[in-house]
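The values are calculated or read from the model by the stated rules, or taken from the named source; none is laboratory data. All values derive from a computational prediction rather than experimental measurement. Here the Cβ positions follow ideal geometry from the backbone for every residue, glycine too, while neighbour counts run over all protein chains shown. Side chains included, ligands, DNA and RNA excluded: accessible areas come from the protein's heavy atoms. Shrake-Rupley method; radii C 1.70, N 1.55, O 1.52, S 1.80 Å.
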Amino acid sequence: MDRPSAADEVDPPTKLLTAATQARLEKRFSDAEQLCTQALEIADQAKDSAQVRSEANNQWGLMQLDQQQPAAAIQYFRKALDGLAESHSEQRAVVNYNLGFACFRHADYGDSVKAFEAALEIRVFEYGNEDPRLINLLQNLADACAQANQHEKSIDCLRRILEIRRTSDGENSLQVAAANAALATQIELHQNAAAALPFHRESVRIYEALHGQWNVDVINGLLRLSKNLQADQQLEESLTVNRLALERAEKLKGPDSPDFRPILRHQLVLHQARSDAKQVEAITTRLNRLEAIAAWHQRRTAQVGLVNSGQLEQAISELPALQAEAAAFGEISAPAAWLKYHEAALFAAGQRWTEAVDAAEAGLDIERRVLGDAHPEIAASWKLLADHQIAAGELALAKKSLEAGRQSNADSGFPDLNQEHEMMYTLALLHLKAGKDVDAMQLFDKCYNLRRDLGFAIDFRDADIINHFGVLQQRLTGPAKALEFFARAEQILMNVAPESPLLATVRNNIMQVKEQIAAQPPIPAESNPVTSVASEGNSEVSEDATSSQTKDWTWIIMSCLFAAYYSAGRGYSPVLWILLTLTTSVVVALSVLAILPNRKLQKLRARESGKLDQLLATRKVRTVAAVGGAMVLDVSVGDQATSA
């Protein structure tokens, strides 16, 4: 379909539809309906009246979906297709996709399949068979086919997704791992267990290569693999893989976590199949304990709900009953520690900070006796204690708690990098309050780069870090370089949090540095530049000039040392980055470093991958790619919910 150029004037119906789209996105449905009606009334004034009528009905359908009315949405989407020529391929693809979505919501799975297939035919003709833009459509079609009992079609879609993922994301990517897991589940359910095994193994292998062995995705993958082996009548290997999953879950979550009940339930089934009465009894006893802990957790969560709804006194009145139930699990147990953290939260809600700190310290003491000092959960508890200490004004103690938490996380062997990011950020803020600008700058910089390594989207936290970095640059290098950071922070906030109070702060900072720049005296131009002091007949240099030169050299030396330290920490030669700093600036050097990959982190991942391959070889468990999923251990083998 020929589209008008940017220079062409937009006709009135199209303007109305653009405004209707904006109104719908802002949930102003009555305004959107009125605008669509007006567009239909003057559709004949448009250059393409059929397109206008289709788009107006499409907007009506989307409004019905937004208001949870799929049946009405289906009618509007069908109207949007009526009278729309085949030449309007783009519009037909869009409307068919929306129709498939609405039919799925209305449980009209057969019609959903037809609509998604119609959209897919157009997109394949437009993009080809291997374009990543097909993935979302293929996934929705696969889900619709599964619900319509067209399982061979569903499996075919999942195979196509896997092949596209391998090409677009790489053989060993998270996306390929997840695609393998999804395909394996459907093959196991609707074809045969043996055919699914290679995909399950590949999924686990990739997860381990990317995450290491102590990871929820890996544990879930092992559980799926164990169930697949059981379905293929390979009971001994199934039990071996299940035990490996349980071992890792206990290490990751601790011995009293209800999260790994699905693993124990499956292990119970395996021991029952082997007629091992002793193991059946032991696992049943442990499952009963974990079920009791899970029920206790629900009651504790209910108390949290009371606090969040402003009923703090009622939550406190119910605390003795919760304490009595926790006592049944033992004085040195995970529930005993969680109870103390719960008490700390109640004290904090009442702004009783000293008591909150005492309770958090007691919980940490118990938890360390359960898990040991080196564990990501312990690191998280140190961070919790530091938060209470900051609220109580105990900043020096909070700094020590954060440093202990970072050490615990690093020593665990499977550090939680999300937790490391949070601790570095908070510690940087404490350094700022203590006037340690260089230490704060280093931590903010590491925190920002870690967020990029973790694949976080640019968001409010990044803007906050960049704003702090601008403040530090203003102190250390002057307003010119600080302005660049403030402008970047403003740009991010305009995109992600335009209503945030931080935006006003950033704009105030921009105004201040601009005033400072404007107040600086201009450097006078010289028609005859002086090449040496002697040429002017004056061999003396003023005291002010000497002081200025000393300050310049001090800054240059500090910048070089900082660049050398940071580059070494990321696995690069300090000499190279000192030279780059001298020839450009420390900001340029650090920016280039931030773009380059972290060599130390890559080497660490490579070492861990080698260790994992050896471990898997000894256990005779082969595995491969997988993609990020929910951070829960309860993974059942069954049809997956639609992503439509």
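Filtering segment 411-420 for residues that are assigned to a loop (DSSP other than H, G, I, E, B), open to solvent by less than 20 Å² (accessible area, probe 1.4 Å), within 29 Å of Gln213 (Cα to Cα) and touching a helix residue (DSSP H, G or I) at 6+ places or on another chain (Cβ under 6 Å) leaves a non-empty set.
Within segment 233-253, the residues that satisfy the criterion of being over 21 Å from Tyr207 (Cα atoms) and not hydrophobic (A, V, I, L, M, F, W, C) are Gln233, Gln234, Glu236. When we screen Lys253, Lys227 for residues that are surrounded by 17 or more Cβ atoms within 10 Å (Cβ to Cβ) and closer than 30 Å to Asp411 by Cα, the only hit is Lys253.
Would you be able to say whether some residue in segment 44-65 is open to solvent by 30 Å² or more (accessible area, probe 1.4 Å), outside any helix (DSSP H, G or I) and over 15 Å from Thr14 (Cα atoms)? Taking every residue of segment 44-65 in turn, none turns out to be open to solvent by 30 Å² or more (accessible area, probe 1.4 Å), outside any helix (DSSP H, G or I) and over 15 Å from Thr14 (Cα atoms). Taken together, the residues in segment 113-142 that are under 15 Å from Pro70 (Cβ atoms) and in contact (Cβ under 8 Å) with a residue 40 or more places away in the chain amount to 1.
Please determine, by comparing only the residues of segment 302-338 that are over 29 Å from the mean Cα position of the chain (by Cα) and among the hydroxyl-bearing types (Ser, Thr, Tyr), which one is farthest from Gly254 (Cα to Cα). Only one residue fits best here, namely Ser317. Cβ separations smaller than 8 Å between residues 6+ apart or across chains give the following pairs from segment 1-30 residues that are among the basic types (Lys, Arg) to residues that are at pLDDT 85 or above and surrounded by 11 or more Cβ atoms within 10 Å (Cβ to Cβ): Arg24/Ala32; Arg24/Gln59; Arg24/Leu62; Arg24/Met63; Arg24/Asp66; Lys27/Asp66. Within segment 19-38, if we keep just the residues that are aliphatic (A, V, I, L, M) and more than 18 Å from Ser49 (Cα to Cα), the residue that is most open to solvent (accessible area, probe 1.4 Å) turns out to be Leu25.
Please find, within segment 271-304, the residue that is most open to solvent (accessible area, probe 1.4 Å) out of those that are hydroxyl-bearing (Ser, Thr, Tyr) and modelled with pLDDT of 95 or more. The extreme case among them is Thr285. Restricted to segment 305-349, the set of helices (runs of 4 or more DSSP H) holding at least 3 residues that are modelled with pLDDT of 90 or more and open to solvent by less than 30 Å² (accessible area, probe 1.4 Å) comprises 319-327, 334-349. Can Asn172 be described as under 25 Å from Asn96 (Cα atoms), out of contact with any His (no Cβ under 8 Å at 6 or more places or on another chain) and part of a loop (DSSP other than H, G, I, E, B)? So Asn172 fails the test. Taken residue by residue, segment 107-114 has no member that is open to solvent by 60 Å² or more (accessible area, probe 1.4 Å), β-branched (Val, Ile, Thr) and either assigned to a helix (DSSP H, G or I) or touching a Lys or Arg at 6+ places or on another chain (Cβ under 7 Å) (or both).
Summed over segment 66-93, residues that are basic (Lys, Arg) and crowded, with 20+ Cβ neighbours inside 10 Å total 1. For segment 426-527, the helices (runs of 4 or more DSSP H) that sit wholly inside it and include 2 or more residues that are closer than 24 Å to Arg406 by Cβ and under 25 Å from the mean Cα position of the chain (by Cα) are 437-453, 460-476. Within segment 205-216, if we keep just the residues that are over 19 Å from Gln267 (Cα atoms) and not in a loop (DSSP other than H, G, I, E, B), the residue that is modelled with the lowest pLDDT turns out to be His211. Within segment 390-410, is even one residue crowded, with 21+ Cβ neighbours inside 10 Å, over 17 Å from Met424 (Cα atoms) and at pLDDT below 95? Looking through segment 390-410, none of the residues is crowded, with 21+ Cβ neighbours inside 10 Å, over 17 Å from Met424 (Cα atoms) and at pLDDT below 95.
Checked against (1) at pLDDT below 90; (2) surrounded by fewer than 15 Cβ atoms within 10 Å (Cβ to Cβ); (3) over 17 Å from Met424 (Cβ atoms), Arg507 passes all but condition (1). Among the residues of segment 197-220 satisfying the criterion of being closer than 14 Å to Gln175 by Cα and of a type in the set (Gly, Ala, Ser), which is surrounded by the fewest Cβ atoms within 10 Å (Cβ to Cβ)? Applying the filter and picking the extreme gives Ala209. Residue count for segment 133-159, restricted to those that are in a helix (DSSP H, G or I), open to solvent by 70 Å² or more (accessible area, probe 1.4 Å) and over 18 Å from Val95 (Cα atoms): 5.
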